[in-house]
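In what follows, a structure is listed as C-alpha cells, so that the remarks can point back to it.
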Amino acid sequence: MVFKRRDRRSILTTLREALWPRGGWTRAARYVQHRLNRLPDPPERIARGIFAGVLTTFTPFYGLHFVTAGIIAWVMRGNILAALLSTFFGNPLTYVP
C-alpha cells in the first residue's frame, strides 16, 4: 500500500513506457552506468559478473539469459547484479537502441 500509485496507468501507457522510457534511452543508459559504478564489491567480483553476463549473451538460450548469467556469476563468485545488467550488452531486444 505504501508504494501504490494514486492514478493507475492504463495498459497502453505502461506498454508505451516499457518500449520508450519517459526520460529517454539516454537517461536509462546513464542510470545503468551509474548503478554499475556504485556496486558494493571489489573490482574482481564485478569483472567476473560482467564476464558472466556478456558470456551468456552469446548463448542461444533466449529468455533464459538472466537466469543463466545469475547462475554462472554465482558459481564463479562474481557479482550477480553486474551479471544481470551486462546481459543487455547483446540482448536482441536492445540491439537497436
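Just so you know, all these numbers are worked out from the coordinates, no wet-lab data involved. This structure is a prediction, so every number in the text was calculated from the model and none was measured. All Cβ positions, glycine included, derive from the backbone under ideal geometry; neighbour counts span all protein chains shown.
Details
- Of THR13, THR56, THR26, the one that fluctuates the most in a GNM where the chain has Cα springs shorter than 10 Å: THR13
- THR14/LEU36 FRET efficiency (R0 22 Å; Cβ-Cβ; nearest 0.05): 0.25
- Among ILE72, ILE46, ILE11, the residue with the largest mean-square fluctuation in a Gaussian network model of the chain, with springs joining Cα atoms closer than 10 Å, is ILE11.
- A Förster radius of 30 Å combined with the Cβ-Cβ distance from TRP74 to TRP25 puts the calculated FRET efficiency at roughly 0.50.
- Cα-based shape type of the chain, given that a ≥ b ≥ c are square roots of the gyration tensor eigenvalues and the cut on a/c is 1.5: prolate
- GNM on the chain, alpha-carbon springs under 10 angstrom: the most fluctuating residue among VAL75, VAL67, VAL32 is VAL75.
- Using just its DSSP H runs of length 4 or more, each adding -39500 (n - 2.57), the chain gives a mean residue ellipticity at 222 nm of -17000 deg cm²/dmol after division by all residues.
- Mean Cα-pair separation over length for the chain, i.e. relative contact order, pairs under 8 Å, 6 or more apart, %: 27
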